[in-house]
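*Asks:* Below you will find the structure I want to go over with you.
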Amino acid sequence: MADSKLTDSSPSSVMPDTHSARRKRKSDVTADNRAKPKVPHLDESTEPVPSSFLPSLMAIKQGFYLDSPNELVKFYQFCTTLDAKKPLGALMDILQLRLVGPFEVLHLGISSTVEPGQYVRCHRYFHDPPELVTLLTGPNNLHYGYFRDTPTEKPAVVVKTDPSIGGELNLVAPTLFAAVKSLLSKKPTASAEVLLKKLCNFAKQNNIILDATGREKSERRARCVCPTLNGMGLVVKLRGGDIGYRPLSVSDSKLSALLKAVATAQTEESQLAKLEAVDQLVTYAQFACDEGDYGQSLELGLSLLAFRTKDIKPNQVTVFNSRIKHLLSVGYELAGRPEFSHVVREHMNDRRVDPIGMPWNSE
C-alpha cells in the first residue's frame, strides 16, 4: 500500500496534551539525567587488551560506530581457549549461539582502512535500533548485542531480542560475560556446567566481573526521559528548562493502537485514512525539533521501529519505514549523534527480516 504524504490535518485523538497525566517532563519526576551517577563500564576492572588487537578495534569503531569495551577482546580470547581453530562457533553446541559482527573482525584481524559505517547493516535485524550492535546470533534470528545510548560511549548493557515476536529489547546483563554466565546457569546439563566453570575461571584470572548488581533495569529507567515501545526508553541530554525533550501527546497503548490500525488496514484507501493520525504525530515531532525538543522525534521514531505484534507480519509495517527514517535521522543529528543517523538511513533503505552478514567468510 502506498505511503501517504505527511499531513497537516489535526485528528482530535492526537492533539497535543500539555497536561498529560501519563508523561511528564523529566524534571517533574526526577533530577536532570546529567546528575545521575556514572554507569560503570567493564573496562574499569579489566586489564588492557594486547596491542595486536588495536588495529581491529579501530576497524570496529569505524565500521560499526562501536567504541568496544576491553571485554570484547577478552571474550574472544576466552572462546579461543574453547576452540582455537573455530572460536566463533565455540558456543554453538551448548548455547546454539554464534559470535558475529565485531567478533568476526577480531577473528580475521582486519586492519585495512574501513569506511565510516561500512558494517552497520551487517547483522542488523528488522527492528534493531541504531543503539544496538549484534554480537551473538541464535535460532530464528534471536540475537544478543551491546546497547549504548550514544555512539561515542562504551556499551553499558547487553540486550536480547527475538524479532520473530516483535521489537522488544530485554536487558540481560551489564556485560557479555555476565550474560553468558546467566545463560549457562539455566542449562541443566553436564556440558553447560563444565563450560560455566571454564568461564568463571577465565573471568577470575582476568579480573572480569561476572555478576549483575540487580539494579541495572531500575538504573536504566532512572536515566531515561521517557519509555519507548522497544522497552529500553530514551536517554537524551536535557538543557535548561528541560529543553531537549517534550512528551508525546498519546500513551504507549494509544500509539500501539494507531499503528496496528494502519498495519491491519484491508485497503489502501483505509490505510491512507488511518495514517493521518500517525502523520499528525510526525508533524508535532517536527515542531518539537524546531523548538529544540528533538527527543520527541527520537521517541516516536524508535517506537515506530519497534512496533509489531505477533499477529502482524513484517511487510505490514514497512509503511512506516520512511517515517522512521525521517524522525530518527533528524532527531539523531540534532542530538549530536550523526553516526546513528547514518545507521538508520542505511537500515531503512534496506530493511530486512534476514539481515546480511559480514562481507566475507569468517570461518
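Each row is one residue, and each column tells you yes or no for (1) over 19 Å from residue 129 (Cβ atoms); (2) of a type in the set (A, V, I, L, M); (3) not in a loop (DSSP other than H, G, I, E, B).
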| site | (1), (2), (3) |
| --- | --- |
| 284 | yes, no, yes |
| 292 | yes, no, no |
| 296 | no, no, yes |
| 310 | yes, no, no |
| 322 | no, no, yes |
| 329 | no, no, yes |
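*Asks:* From the list 51, 4, pick out the single residue that is of a type outside the set (Asp, Glu), farther than 27 Å from residue 344 by Cα and at pLDDT below 95.
*Replies:* 51
*Asks:* Among the residues of the range 82-96, is there at least one that is modelled with pLDDT under 50 and aliphatic (A, V, I, L, M)?
*Replies:* Taking every residue of the range 82-96 in turn, none turns out to be modelled with pLDDT under 50 and aliphatic (A, V, I, L, M).
*Asks:* Which pairs have Cβ atoms under 6 Å, sit 6 or more apart or on different chains, and link a residue in the range 77-95 that is over 17 Å from residue 184 (Cα atoms) to one that is assigned to a loop (DSSP other than H, G, I, E, B) and of a type in the set (A, V, I, L, M)?
*Replies:* Matching pairs, first to second residue: 83/90.
*Asks:* Please count how many residues of the range 256-282 are in a helix (DSSP H, G or I), among the hydroxyl-bearing types (Ser, Thr, Tyr) and more than 24 Å from the chain's Cα centre (by Cα).
*Replies:* 1
*Asks:* Something else: Please pick out the residue among 179, 190 that is surrounded by 20 or more Cβ atoms within 10 Å (Cβ to Cβ), modelled with pLDDT of 95 or more and in the same structural domain as residue 90 (by the TED database).
*Replies:* 179
Quick grid of which residues meet (1) assigned by the TED database to the domain that holds residue 304; (2) surrounded by 22 or more Cβ atoms within 10 Å (Cβ to Cβ); (3) closer than 19 Å to residue 87 by Cα; (4) within 13 Å of the chain's Cα centre (by Cα):
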residue: 120; (1), (2), (3), (4): no, yes, no, yes
residue: 135; (1), (2), (3), (4): no, yes, yes, yes
residue: 151; (1), (2), (3), (4): no, yes, no, yes
residue: 154; (1), (2), (3), (4): no, no, no, no
residue: 205; (1), (2), (3), (4): no, no, no, no
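The values are calculated or read from the model by the stated rules, or taken from the named source; none is laboratory data. It should be emphasised that the depicted structure is a prediction, and the values quoted were computed from it without experimental measurement. Methodologically, a virtual Cβ is constructed for each residue, glycine included, from the backbone with ideal geometry; neighbour enumeration extends over all protein chains shown.
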